[in-house]
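Q: Quick one: the structure is below, and I'll ask about it shortly.
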């Protein structure tokens, strides 16, 4: 399922192929995602193309710096992120996909980002 994704102001445009359509849309409860509030769908690493606005994207990282979260530097909309659970995948903001209203998806599953395996401390 190939989709167009844009930020609010239109400065950033992506072309993405959703790996599982919207069937795997999910929300995360980690400290960052819970505040951001956007649900994401999965895109394989090679299936995300920045059509316009690469120079307008801003990167945010913290903690392990594995995940890479991208936002439009003009309007602030989160467009996509490289996942820390699988750096060969991106999560894309389903609310920024053309023609998709997240409300129409009903209940969206949550994943446990607070207890992410990457954050586990080794046994001593």
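The values are calculated or read from the model by the stated rules, or taken from the named source; none is laboratory data. Small disclaimer: the values here were computed from a predicted structure and weren't measured. Note that we place each Cβ from the backbone using ideal geometry, even for glycine, and neighbour counts take in every protein chain shown.
Q: Note down all Cβ pairs under 9 Å where the first residue falls in region 9-24 and is modelled with pLDDT under 95, the second is part of a loop (DSSP other than H, G, I, E, B) and surrounded by fewer than 14 Cβ atoms within 10 Å (Cβ to Cβ), and they're at least six residues apart or on different chains.
A: Between residues of region 9-24 that are modelled with pLDDT under 95 and residues that are part of a loop (DSSP other than H, G, I, E, B) and surrounded by fewer than 14 Cβ atoms within 10 Å (Cβ to Cβ), the close pairs are 19/1; 20/1; 21/1; 22/1.
Q: While we're here: Six or more apart or on different chains, Cβ atoms under 6 Å: show the pairs whose first residue is in region 93-107 and closer than 21 Å to residue 76 by Cβ and whose second is at pLDDT below 90 and not in a loop (DSSP other than H, G, I, E, B).
A: Listed by first residue and then by second, the contacts come to 94/102; 95/102.
Q: Which condition number in (1) part of a loop (DSSP other than H, G, I, E, B); (2) within 16 Å of residue 97 (Cα to Cα) is the one that residue 62 fails?
A: All conditions are met except number (2).
Q: Still on this structure: Count, please, the residues in region 74-92 that happen to be touching a helix residue (DSSP H, G or I) at 6+ places or on another chain (Cβ under 7 Å) and free of Cβ contacts under 8 Å to residues at least 60 places away in the same chain.
A: Total satisfying the criteria: 2.
Q: Let me ask another. Say we look at region 32-57 and pick out the residues that are within 19 Å of residue 87 (Cα to Cα) and surrounded by fewer than 13 Cβ atoms within 10 Å (Cβ to Cβ); which of these is nearest to the chain's Cα centre (by Cα)?
A: Among them, the one singled out is 45.
Q: Looking only at residues in region 8-28 that are in contact with a strand residue (DSSP E or B) (Cβ under 8 Å, 6 or more places away or on another chain) and in a loop (DSSP other than H, G, I, E, B), which one is surrounded by the most Cβ atoms within 10 Å (Cβ to Cβ)?
A: Here the residue is 12.
Q: Follow-up question, since we're still on this one. Scan region 29-51 for residues that are within 11 Å of residue 91 (Cβ to Cβ) and part of a strand (DSSP E or B) and report the count.
A: Result for region 29-51: 5.
Q: Going through region 58-70 one residue at a time, which ones are touching a residue at least 24 places away in the same chain (Cβ under 8 Å) and loosely packed, with under 12 Cβ neighbours inside 10 Å?
A: 62, 64
Q: Taking region 73-96 as the search range and keeping residues that are over 18 Å from residue 47 (Cβ atoms) and under 13 Å from the mean Cα position of the chain (by Cα), which one is modelled with the lowest pLDDT?
A: Looking at residues that are over 18 Å from residue 47 (Cβ atoms) and under 13 Å from the mean Cα position of the chain (by Cα), I get 84.
Q: Go through region 51-70 and give me each residue that's at pLDDT 95 or above and over 17 Å from residue 36 (Cα atoms).
A: If the condition is that a residue be at pLDDT 95 or above and over 17 Å from residue 36 (Cα atoms), then 51, 52, 53, 54, 55, 56 are the ones that fit.
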